[in-house]
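This report concerns only the one structure given below.
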Amino acid sequence: MISPQHYKWFFEPTTAVEGHMHAIRRTIVEARTKFQHAEIMETHAYGKLLVLDGRIQSSQAEDFIYHEGLVHPGLLATENRPESGLVIGGGEGATLREMLRYPSMRRAVMVDIDGEVVELCKRHLPEMHQGAFDDPRTEVRRPRSEKSRTADVRRISVMPSARRLKANHMWPTLGPILMPSTNDVNSRL
């Protein structure tokens, strides 16, 4: 049996009385951005992790489970072939990666508040974005950098970062959100 004292451990609380521990192979980068504490580390069991403010956002071994399930049901359910997509959040680029798998996708816009995290992910998580940031169809923006064009029935919005939002009157439940783009959503960007 492996002795736990031979590793540095990352502990993520899941409730007030329990959590998960991950044996860390190495910390790749740790930074304090204007918005959050960001870490990219490599674990023995899950490969690379993106951790923001002490919460795991994505793991190399399991990112496909989350991102494929987030993107494909909505895109496959559209009446027309999806031509453009909007990702709100999603710094590691995995949601973009899945949107760009559709040959009909001509434009994929990712809006993320933390450009520093996006740059860290571009540099240190190529296994997750798989070149999505370099795809000519990709645009990465900061919020309110430019208003999106009018709504189009062939456009889909994906908000992977909704799982980090606090519940309130606008967001009564947490989790991924897929919705047709509207002028109301676009006007807030």
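The values are calculated or read from the model by the stated rules, or taken from the named source; none is laboratory data. Just so it is clear, the model here is predicted, and its values are computed rather than measured. So basically every Cβ, Gly included, is an ideal-geometry build from the backbone, and we count neighbours across all protein chains shown.
Going through (1) crowded, with 18+ Cβ neighbours inside 10 Å; (2) modelled with pLDDT under 90; (3) hydrophobic (A, V, I, L, M, F, W, C) one by one, L165 falls short only on (1).
Within the set P82, P103, the sole residue that is out of contact with any helix residue (DSSP H, G or I) (no Cβ under 7 Å at 6 or more places or on another chain) and either at pLDDT below 95 or part of a loop (DSSP other than H, G, I, E, B) (or both) turns out to be P103. Only one entry in V17, V51, V71 is surrounded by fewer than 15 Cβ atoms within 10 Å (Cβ to Cβ) and out of contact with any Cys (no Cβ under 7 Å at 6 or more places or on another chain), namely V17. For A94, indicate whether it is under 12 Å from the mean Cα position of the chain (by Cα), closer than 21 Å to P143 by Cβ and not acidic (D, E). Answer is yes for this residue. Counting the residues of region 8-48 that are of a type in the set (K, R) and either under 12 Å from E116 (Cα atoms) or out of contact with any strand residue (DSSP E or B) (no Cβ under 8 Å at 6 or more places or on another chain) (or both) gives 2. Given the criteria closer than 21 Å to F133 by Cα, of a type in the set (D, E) and in the same structural domain as T138 (by TED's automatic domain parsing), does E68 qualify? Here the answer is yes, as E68 does meet what is asked. In region 120-127, the count of residues that are at pLDDT 95 or above, assigned to a loop (DSSP other than H, G, I, E, B), at negative phi and of a type in the set (A, V, I, L, M) is one or more. Condition test on R107, is it more than 25 Å from K34 (Cα to Cα) and either free of Cβ contacts under 8 Å to residues at least 40 places away in the same chain or surrounded by fewer than 16 Cβ atoms within 10 Å (Cβ to Cβ) (or both)? Judged against the criteria, R107 is a match. Taken across region 21-38, residues that are part of a loop (DSSP other than H, G, I, E, B) and surrounded by fewer than 10 Cβ atoms within 10 Å (Cβ to Cβ) do occur, with at least one present. The residue that is nearest to M105 (Cα to Cα), among those in region 67-78 that are modelled with pLDDT of 85 or more and over 18 Å from the mean Cα position of the chain (by Cα), is L76. Is at least one residue of region 35-44 closer than 22 Å to V140 by Cβ, among the aliphatic types (A, V, I, L, M) and modelled with pLDDT of 90 or more? Yes: one or more hits.
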